[in-house]
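The values are calculated or read from the model by the stated rules, or taken from the named source; none is laboratory data. Quantities reported herein were computed from a predicted structural model and do not represent experimental measurements. Note that we place each Cβ from the backbone using ideal geometry, even for glycine, and neighbour counts take in every protein chain shown.
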Amino acid sequence: MSPSFAARLFMTLILCQACTGSVCPITTVKPVTCPTPVPCPTTTTAKPVTCPTPAPCPTTAKPATCPTPPPCPTTTKPATCPPCTTITTTKAAPCPTPAPCPTTAKPATCPDGPPPTDGELELCAISTNEMACSSHNVTCSCLLAMTANPKGGVQAVLDGLSVARSIVIRGQSNPKAKSLVVNLDVRDSNGNVTTALQLNMDLESQTFTLNSRVGRKWGDKQTGDLPQGRPFGAGLPFKIVIKCGSGTFHLDLNDELQVDFTGPQLDIKRINLLEVWQVMLSGVQLM
């Protein structure tokens with residue numbers, strides 16, 4: 001074995017051992033054939049001809065190419081699926097109907113309605129001359145028959161009042177009224193007038209005045225503010241209760257304001273006329 005062949009084989013073995021994971025097959029390398037040197041000329045000249053130095057044989061053998069090893073198998077752990085979740089469809093329970101919110105607001109107080117009709121209450125005897133109920137009889141209740149006043153209001157004839165007898169006036173102020181006036185009068189056959197009680201309510205200033213008059217002389221007036229919870233006003237309904245006392249009158253305005261007034265020293269059995277101005281009455285009841 002020539003040295004050059006042994007060297008090539010050695011290099012091949014080294015290269016093959018460098019391959020990872022496999023052993024390269026031994027490849028037999030064909031020996032390199034050196035070119036035949038040019039024969040020297042056979043001349044007999046005195047100076048010998050120098051033969052050219054033959055080209056050295058190549059000693060570098062092309063390294064054998066190792067085949068690419070197959071990729072190592074990769075063992076991949078199969079992905080583990082999460083456990084399946086059983087979906088159960090449950091019908092939602094119907095929500096209970098919420099309870100209504102409590103209302104703490106105090107319901108509005110409606111004004112008192114009109115008094116009972118004639119079928120429930122009889123007219124006072126002074127109006128019909130047939131019924132037993134008299135305006136000064138505290139044991140019965142009756143309705144006064146109201147008539148138009150020539151000066152623009154309404155009025156009712158009385159046959160006198162008595163202690164503990166009340167007059168209940170229900171109605172509505174005229175839409176353009178600026179005041180509301182109630183009079184309890186005594187009129188004699190000579191035309192003389194005594195006002196036992198005058199209630200004058202100023203709807204613009206929301207004040208009231210109580211007074212009395214004998215002849216042409218007015219007494220000492222009494223003033224105050226009208227109630228605000230259920231106010232008196234133009235076009236608004238109202239309720240006035242006048243209760244007779246012994247020389248006094250007790251007034252209740254819209255069930256909110258109570259006022260006492262001392263009138264002139266007279267016999268209230270003589271009171272024979274009720275006048276109301278600037279109103280549309282629904283009824284006047286004696287109680």
- Item | Pairs where the first residue, in segment 267-287, is free of Cβ contacts under 8 Å to residues at least 60 places away in the same chain and the second is assigned to a strand (DSSP E or B) and buried (at least 17 other Cβ atoms within 10 Å of the Cβ), C-beta under 9 Å, 6+ apart | D267/V186
- Determine whether G160 is in contact with a Ser or Thr (Cβ under 8 Å, 6 or more places away or on another chain) and either over 29 Å from Q265 (Cβ atoms) or surrounded by fewer than 20 Cβ atoms within 10 Å (Cβ to Cβ) (or both). yes
- Task: Can you confirm whether segment 163-181 contains a residue that is touching a Pro at 6+ places or on another chain (Cβ under 8 Å), farther than 22 Å from N137 by Cβ, touching a residue at least 40 places away in the same chain (Cβ under 8 Å) and surrounded by fewer than 18 Cβ atoms within 10 Å (Cβ to Cβ)?
- Result: yes
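If the requirement is being touching a Gly at 6+ places or on another chain (Cβ under 7 Å) and assigned by TED's automatic domain parsing to the domain that holds Q265, which of these qualifies: L180, L199, L203? Please lay out each step first, then the result.
Values: L180 fails: touching a Gly at 6+ places or on another chain (Cβ under 7 Å); L199 fails: touching a Gly at 6+ places or on another chain (Cβ under 7 Å).
Testing whether each residue is touching a Gly at 6+ places or on another chain (Cβ under 7 Å) and assigned by TED's automatic domain parsing to the domain that holds Q265 leaves just L203.
Give segment 211-252 a look and list any residue that's assigned to a strand (DSSP E or B), farther than 19 Å from L161 by Cα and either touching a Phe, Trp or Tyr at 6+ places or on another chain (Cβ under 7 Å) or of a type outside the set (D, E, K, R) (or both), or say none. It would help to see each step written out before you state the result.
Of the residues in segment 211-252, the ones assigned to a strand (DSSP E or B) are 211-214, 217-218, 222-225, 237-244, 248-252.
Then drop every residue that is not farther than 19 Å from L161 by Cα, which leaves 217-218, 222-225, 237-239.
Answer for segment 211-252, where residues must be assigned to a strand (DSSP E or B), farther than 19 Å from L161 by Cα and either touching a Phe, Trp or Tyr at 6+ places or on another chain (Cβ under 7 Å) or of a type outside the set (D, E, K, R) (or both): W218, Q222, T223, G224, P237, F238.
Among the candidates D260, D255, which residue alone is part of a strand (DSSP E or B) and either buried (at least 20 other Cβ atoms within 10 Å of the Cβ) or in the same structural domain as N149 (by TED's automatic domain parsing) (or both)?
Working: D255 fails: part of a strand (DSSP E or B).
Of the residues listed, the single one that is part of a strand (DSSP E or B) and either buried (at least 20 other Cβ atoms within 10 Å of the Cβ) or in the same structural domain as N149 (by TED's automatic domain parsing) (or both) is D260.
For segment 138-145, does any single residue satisfy the condition of being within 26 Å of R216 (Cβ to Cβ), of a type in the set (A, V, I, L, M, F, W, C) and in contact (Cβ under 8 Å) with a residue 60 or more places away in the chain?
Filtering segment 138-145 for residues within 26 Å of R216 (Cβ to Cβ) gives none.
Scanning segment 138-145, I find no residue that is within 26 Å of R216 (Cβ to Cβ), of a type in the set (A, V, I, L, M, F, W, C) and in contact (Cβ under 8 Å) with a residue 60 or more places away in the chain, so the answer is no.
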- Message: For the structure I just gave you, tell me whether T195 is of a type outside the set (A, V, I, L, M), over 40 Å from the mean Cα position of the chain (by Cα) and buried (at least 17 other Cβ atoms within 10 Å of the Cβ).
- Response: yes
- Task: Confirm whether G224 is over 51 Å from the mean Cα position of the chain (by Cα), of a type in the set (G, A, S) and assigned by TED's automatic domain parsing to the domain that holds S135.
- Result: no
- Query: If D159 passes every condition in (1) in a loop (DSSP other than H, G, I, E, B); (2) at pLDDT 90 or above but one, which one does it miss?
  - Reply: (2)
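Name every residue in segment 186-224 that is of a type in the set (V, I, T) and either under 23 Å from A234 (Cβ atoms) or in contact (Cβ under 8 Å) with a residue 40 or more places away in the chain (or both), in order of residue number. Break it down stepwise before answering.
We begin by selecting, within segment 186-224, every residue of a type in the set (V, I, T); these are 186, 193-195, 207, 209, 214, 223.
V186, T194, T207, T209, V214, T223 - these are the residues of segment 186-224 that are of a type in the set (V, I, T) and either under 23 Å from A234 (Cβ atoms) or in contact (Cβ under 8 Å) with a residue 40 or more places away in the chain (or both).
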